[in-house]
Amino acid sequence: MTRISRAVLVTGCSTGIGRETARLFARRGWTVYATARRVEAIADLEASGCRTLALDVTDESSRVAAVETVVRSEGAVGVLVNNAGVSELGATATLPVDHVARMFETNVFAMLSMTQLALPGMRAQRWGRIVSMGSMNGRWMMPGMGSYAATKHAMEALTDALRYELRPLGIGVSLIAPGMVTTGFGHTAAGRSDAASADGALADFNERIAEMTRNWDTSPQARLACSPSDVAERVVRAAEARRPRARYRVAPSAALMLSLRRVLPERAFELVLRTQFPSPRQGR
């Protein structure tokens, strides 16, 4: 009988969700390969029982090397967690196309490539789990994050296709859909905002969106957030479930906004957004 690999490969472990996910898998007895572009950034995870690998998900040779390392030691990647991601704030009309392409390369194409690389081992053992980090923005567009939301919409479609194709082969595919999470992700995105790339009303809009994002953790909306460990718990639940769900929502903000998106007409939902987020203003 083919031995089932209990090796977990987690991308993007340098901070936040990826780091907590790797730790939780290790505590639950899985063999964990935690990865980041700079392996020294995750060296401390070895004390939590993780093995560490350098992995730049945007580099093909790095992706191949990481998967091959796990396969040589464990026979297969048993669970792949596609967590690595990047975001950038700004009006869609102002973001340079190459910046948008970078988001798609990291959030979408890398996720698909890592999945394709891990699949031969999973298929050979007739078991595997693929868990990818989506977002509540995969179902609705948060103002100032339209391009990021587009990458998460793409992940929704790819995950649905993979789940349909791979379930008969014994491989479960799930998408995690967090709402607001108390990590530095939003602050990093705000730091990439370039209001100088716009003028007038859109420059003003970019500045106000960036300011709102930098300050959201002290705003009333922060009460609707969750922690990285909350998200990690859902990732592990999806990996260990006999019949994993298609999607796992995390955080009250995700439940609220996704429910409103489902029940409200388009214009009514956009009106809700306009009460909560800045809009471009004429005369700027």
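The values are calculated or read from the model by the stated rules, or taken from the named source; none is laboratory data. Everything numeric here is computed off the predicted structure, so don't read it as measured data. Here Cβ is always computed from backbone atoms with ideal geometry, including for glycine, and neighbour counts include all displayed protein chains.
Taken over region 233-269, the residue count meeting the criterion of being assigned to a helix (DSSP H, G or I), surrounded by 13 or more Cβ atoms within 10 Å (Cβ to Cβ) and either under 23 Å from the mean Cα position of the chain (by Cα) or modelled with pLDDT under 95 (or both) is 17.
Looking at this structure, is THR35 modelled with pLDDT of 95 or more and crowded, with 21+ Cβ neighbours inside 10 Å? Working first, answer last.
Values: modelled with pLDDT of 95 or more: yes; crowded, with 21+ Cβ neighbours inside 10 Å: yes.
So THR35 passes the test.
Taken over region 122-145, the criterion of being over 20 Å from ALA241 (Cβ atoms) and not in a loop (DSSP other than H, G, I, E, B) is satisfied by ALA124, MET136, ASN137, GLY138.
Would you check if there is a residue in region 16-31 being part of a strand (DSSP E or B) and at negative phi? Write out each step before concluding.
Of all residues in region 16-31, those part of a strand (DSSP E or B) come to 31.
Those left that are additionally at negative phi: 31.
Within region 16-31 (the criterion being part of a strand (DSSP E or B) and at negative phi), the answer is yes, since at least one residue qualifies.
Does at least one position in region 249-257 carry a residue that is of a type in the set (D, E, K, R) and either free of Cβ contacts under 8 Å to residues at least 60 places away in the same chain or at positive phi (or both)? Spell out how you get there, then give the answer.
Residues of region 249-257 that are of a type in the set (D, E, K, R), as a first pass: 249.
Adding the requirement that they be either free of Cβ contacts under 8 Å to residues at least 60 places away in the same chain or at positive phi (or both) leaves none.
Looking through region 249-257, none of the residues is of a type in the set (D, E, K, R) and either free of Cβ contacts under 8 Å to residues at least 60 places away in the same chain or at positive phi (or both).
Just to be sure I understand, how many residues within region 83-134 are free of Cβ contacts under 8 Å to residues at least 12 places away in the same chain and among the small types (Gly, Ala, Ser)? Total meeting the criteria: 1.
Among the residues of region 9-19, those identified as touching a residue at least 60 places away in the same chain (Cβ under 8 Å) and out of contact with any Cys (no Cβ under 9 Å at 6 or more places or on another chain) are LEU9, THR11, GLY12, THR15, GLY16, ILE17, GLY18. Looking at region 142-158, which of its residues are closer than 18 Å to ARG274 by Cα and surrounded by fewer than 19 Cβ atoms within 10 Å (Cβ to Cβ)? Within region 142-158, just GLY146 meets the criteria. GLY172 - would you say it is modelled with pLDDT of 95 or more, closer than 24 Å to ALA36 by Cβ, in contact with a helix residue (DSSP H, G or I) (Cβ under 8 Å, 6 or more places away or on another chain) and small (Gly, Ala, Ser)? No: the conditions fail for GLY172.
Given the criteria part of a strand (DSSP E or B) and either in contact with a strand residue (DSSP E or B) (Cβ under 7 Å, 6 or more places away or on another chain) or at pLDDT 95 or above (or both), does SER113 qualify? Reasoning before the result, please.
Values: part of a strand (DSSP E or B): no; either in contact with a strand residue (DSSP E or B) (Cβ under 7 Å, 6 or more places away or on another chain) or at pLDDT 95 or above (or both): yes.
In short, no.
Tallying residues that are more than 20 Å from GLU74 (Cα to Cα) and either free of Cβ contacts under 8 Å to residues at least 12 places away in the same chain or in a loop (DSSP other than H, G, I, E, B) (or both) within region 32-57 yields 8. So, MET142, is that one in contact with a Cys (Cβ under 9 Å, 6 or more places away or on another chain) and at pLDDT below 95 or not? So MET142 does not fit the description; no. Do the conditions hold for LEU53, that is, is it touching a helix residue (DSSP H, G or I) at 6+ places or on another chain (Cβ under 8 Å) and either closer than 20 Å to ALA154 by Cβ or surrounded by 23 or more Cβ atoms within 10 Å (Cβ to Cβ) (or both)? For LEU53, the condition - touching a helix residue (DSSP H, G or I) at 6+ places or on another chain (Cβ under 8 Å) and either closer than 20 Å to ALA154 by Cβ or surrounded by 23 or more Cβ atoms within 10 Å (Cβ to Cβ) (or both) - is not met.
Number of residues in region 159-176 that are over 15 Å from the mean Cα position of the chain (by Cα), surrounded by 17 or more Cβ atoms within 10 Å (Cβ to Cβ) and not β-branched (Val, Ile, Thr): the value is 4.
Taking region 58-78, which residues are without any contact (Cβ under 8 Å) to a residue 60 or more places away in the chain and hydrophobic (A, V, I, L, M, F, W, C)? Reasoning before the result, please.
Taking region 58-78 and keeping what is without any contact (Cβ under 8 Å) to a residue 60 or more places away in the chain, we get 58-69, 71-72.
Scanning region 58-78 gives VAL64, ALA65, ALA66, VAL67, VAL71.
Checking each residue in region 70-85 for being of a type outside the set (A, V, I, L, M, F, W, C) and buried (at least 23 other Cβ atoms within 10 Å of the Cβ) picks out GLY78, ASN82, ASN83, GLY85.
So if I check each of VAL100, VAL67, which one is at pLDDT 95 or above, among the β-branched types (Val, Ile, Thr) and either over 25 Å from SER135 (Cα atoms) or crowded, with 21+ Cβ neighbours inside 10 Å (or both)?
Values: VAL100 fails: either over 25 Å from SER135 (Cα atoms) or crowded, with 21+ Cβ neighbours inside 10 Å (or both).
Every option except VAL67 fails the conditions.
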